[in-house]
1. Hey, with R₀ at 22 Å, roughly what FRET efficiency would Asp65 and Lys45 work out to, going by the Cβ-Cβ distance, to 0.05?
2. Taking 0.36 nm per intervening residue step and subtracting the Cα-Cα distance, what contour gain separates Ser78 from Glu166 on full extension?
3. Can you give the accessible area of Lys213, probe radius 1.4 Å, in Å² rounded to 10?
4. Which order do the peptides 310-318, 47-55 come out in when sorted by mean C-beta neighbours inside 10 angstrom, highest first?
5. Which lysines have a Cα lying under 29 Å from the Cα of Lys361, excluding residues fewer than 8 positions away in the same chain?
6. When the chain is fully extended, how far beyond the present Cα-Cα distance does Trp342 get from Glu159, taking 0.36 nm per residue of separation?
7. Given a Förster distance of 51 Å, report the FRET efficiency between Thr136 and Arg17 from their Cβ-Cβ distance, rounded to the nearest 0.05.
8. Just reorder Tyr325, Tyr340 by solvent-accessible area, largest first, 1.4 Å probe, all chains present.
Amino acid sequence: MKQLLAFIRKEFYHVFRDRRTLLILFGLPVVQIILFGFALSSEVKNIGIAIQDNSNDVNSRQITDKISTSSYFKLEKSILNYKDIETRFKQGSIKCAVIFPANFGEELYRPGGAKIQIIADASDPNTATIATGYLTSIINTYQQELNPDTPFSYQIVPELRQLYNEEQNGSLNFIPGVIALIFMIVSTALTSVAVVREKELGTMEILLVSPFKPIMVLIAKAIPYLVLSLIDFIIILLLSVYLLDVEIKGSLILLFAESILFIITCLSLGLLISNTTDSQQTAMLVSMMGMMLPTLLLTGFMFPLENMPWIFRMVSHVIPSRYYYAIVKAIMLKGLGFSYVWKETLVLAGMSVLLLTIALKRFKIRLS
């Protein structure tokens, strides 16, 4: 144990002596969280939507048909009761719901008009705003088609409700994605030079004659970055809460546990890169550029996966940050528990074990 602690202390010295590493570790996250939190927005199509038709008359079916034929919406299975709406939102199968009241067709021609309730998942405020805007436009167009020549003698009044983000805070959509991006880049990039640095400095022979097992060497190299990444995570949460007004609705303990799992996955990936490259420059280039673009493009927080061709959606399944983004969004913004994120958790755990196993095999080959 004393030897392990000494090795870990040595790795901490390596980190604190390199100013560029400290800049990447602590400067990059702060800049990214501020930039993404304030500056960026996105647009979506193929929005998952479900309809609860309590009237089931000609008018409600005609509006439903218009929604289903729109390229902006993807009509899911109909909703049977109001409780089912919340369940479907928590599962993430829909982003929007439309509820027709009973006797909708009869109330449509009365002086007070008929009302339609639109419920949107506002954990992504841009999607919620666009979805409700599209639905309102479809409803208004339907009114004009019913009575094109004379002024309206009736009126349909949509009632809007934004779930999970009533204040329409645009930062809420980007904070989970930025956290995933920071960990994916920082944790992977810094550990990607951990082993190859020993080779460049000529200290690989010391590892060859040391009494350490290869797995203990990798653990000793990963622990400092795990600790520093958790400090990064705390800084990000503080900035999110006090600077960007983001409320953490779920369990903070669960959020930390899931973050530790994701950091371990990123560290394992970094160690694998470090054991398959021959120079620090190559390792840094592969980790920074190779991880940044997939995380930006295929995670879902900047560009909705529903808009992408099927081949890119398939590729996104091997990107660890996709699952962590979904986990943080569910816990941090929706206040959901482990029962809603266990599938993503198992995927991340499996990825971390697989990556660490391959990295260990490559490390043994490098030592031999």
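1. Details: r = 19 Å, r/R0 = 0.86.
Taking R0 as 22 Å, the efficiency between Asp65 and Lys45 is 0.70.
2. On the way: separation 88, 0.36 × 88 = 31.68 nm, distance 2.51 nm.
Result: 29.2 nm gained on full extension.
3. It works out to around 140 Å².
4. Values: 310-318: 11.9, 47-55: 20.3.
In decreasing order of mean packing, 310-318, 47-55 become 47-55, 310-318.
5. The qualifying lysines are Lys2, Lys10, Lys199, Lys213, Lys221, Lys343.
6. Values: separation 183, 0.36 × 183 = 65.88 nm, distance 3.43 nm.
Taking Trp342 through Glu159 to full extension adds about 62.4 nm, to one decimal.
7. Working: r = 59 Å, r/R0 = 1.16.
With a Förster radius of 51 Å, E is 0.30.
8. Details: Tyr325 15, Tyr340 100 Å².
Most to least solvent-accessible, the answer reads Tyr340, Tyr325.
The values are calculated or read from the model by the stated rules, or taken from the named source; none is laboratory data. Remember, predicted model here, so these are calculated numbers, not experimental data. Neighbour counts are summed over all protein chains in view; Cβ atoms, including those assigned to glycine, are modelled from backbone coordinates with ideal geometry. Remember, those area values only see protein heavy atoms, side chains included, never the ligands or the DNA or RNA. Shrake-Rupley method; radii C 1.70, N 1.55, O 1.52, S 1.80 Å.
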